[in-house]
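Visitor: Handing you this structure, nothing more for now.
The values are calculated or read from the model by the stated rules, or taken from the named source; none is laboratory data. Just so it is clear, the model here is predicted, and its values are computed rather than measured. Positions of Cβ are backbone-derived with ideal geometry, glycine not excepted, and every protein chain shown enters the neighbour counts. Accessible surface is based on the protein model in full, side chains and every heavy atom, while ligands, DNA and RNA are left aside. Shrake-Rupley method; radii C 1.70, N 1.55, O 1.52, S 1.80 Å.
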Amino acid sequence: MRLKDLFIPENKNVWLTALFYIALIIVGRLSATEFVIVYALETVIIGVFHGIKMLTITFLSSEMKHNRGNGVGLTLFFLVHYGFFVFIQTTFFFVFLSMGDSRISSSFGVSNFLTIFQFEGVRIALILIMISHAFKYWFNFYKNKRYQEVNLALYMFQPYVRIIIQQFVAIIPGFFIVFGNGGLAVAIVLILIRTVVDLFFAKIKTSEAAFQKAVDFFMKDYKGNNDKRLEEENVVQFLKLIIEE
């Protein structure tokens, strides 16, 4: 990826998001710890909106017109499985943060959620994230009838890769918060990591050459011959789902 490619118009939202969070931290509206918490809790918001999208596909898609029961079943399965996945990670996450912040408890339960929602910076950031996802759902998924174009069974897995990356970039800087005093530097590092990941997704979304390189990367260890074309089609479809907004 060439440096100038990072500044193409399609990437402006990525840069604006990064600059917005930097501004919040610099003016003191969001601390480094709160910033890590916000990134972790975005997992929950993404899951809620993904469940809404799956129900939209189930009840509005022509393909699901005679198969809505399975659609509801897949949605419930996703919510349970994804919810369990999020519960385990957030439990570990709170235990981890409790080592460096006396306000956060290492015990199970909803007490930590009640505690962090009292942080002003967290409340502001989560509200803005929810508004952002609501707009994306309305304009990028519902209004343009994107729900007519996707396969529900495949679409169910769309958030997982991005969520794994998100949890990774949220927890790694947390080590510096617990064992050091990174402050602003830690938050900036986190923003940079997340921005690079978002720029990568934006690049393969807008460049056919970059997208094909990503497909080739996932196909390089594929040994099958007879089903290679089918396997490549599945990789292409899944990558398209991952990078869609």
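Visitor: Only residues that are within 16 Å of Val197 (Cβ to Cβ) and open to solvent by less than 10 Å² (accessible area, probe 1.4 Å): list them for the stretch 40-61, please.
Guide: Ala40, Thr43
Visitor: Scan (1) over 17 Å from Gly51 (Cβ atoms); (2) touching a residue at least 60 places away in the same chain (Cβ under 8 Å) for the single condition Phe78 breaks and write down its number.
Guide: (1)
Visitor: Suppose we keep only residues that are of a type in the set (D, E, K, R) and in a helix (DSSP H, G or I) within the stretch 12-36. Which one would you say is least open to solvent (accessible area, probe 1.4 Å)?
Guide: The extreme case among them is Glu34.
Visitor: For the stretch 188-220, how many residues are outside any helix (DSSP H, G or I) and of a type in the set (A, V, I, L, M)?
Guide: Going through the stretch 188-220 one residue at a time, the tally reaches 0.
Visitor: Going by the conditions given, is Gly83 touching a residue at least 24 places away in the same chain (Cβ under 8 Å), farther than 30 Å from Ile22 by Cβ and surrounded by 15 or more Cβ atoms within 10 Å (Cβ to Cβ)?
Guide: Taking the combined requirement at face value, the residue does not satisfy it.
Visitor: Separate question: Residue by residue through the stretch 88-103, note down the ones that are small (Gly, Ala, Ser), more than 18 Å from Glu120 (Cα to Cα) and either open to solvent by 90 Å² or more (accessible area, probe 1.4 Å) or assigned to a helix (DSSP H, G or I) (or both).
Guide: Within the stretch 88-103, Ser98 is the sole residue that qualifies.
Visitor: Okay, moving on. Within the stretch 57-77, track down each residue that is part of a helix (DSSP H, G or I) and more than 21 Å from Trp138 (Cβ to Cβ).
Guide: Selection gives Glu63, Arg68, Gly69, Asn70, Val72, Gly73, Leu74, Leu76, Phe77.
Visitor: Separate question: What are the pairs, 6+ residues apart or on separate chains, where a residue within the stretch 180-202 that is farther than 16 Å from Gly28 by Cα has its Cβ under 9 Å from a residue that is of a type in the set (Lys, Arg) and modelled with pLDDT of 65 or more?
Guide: Val197/Arg162; Phe201/Arg162
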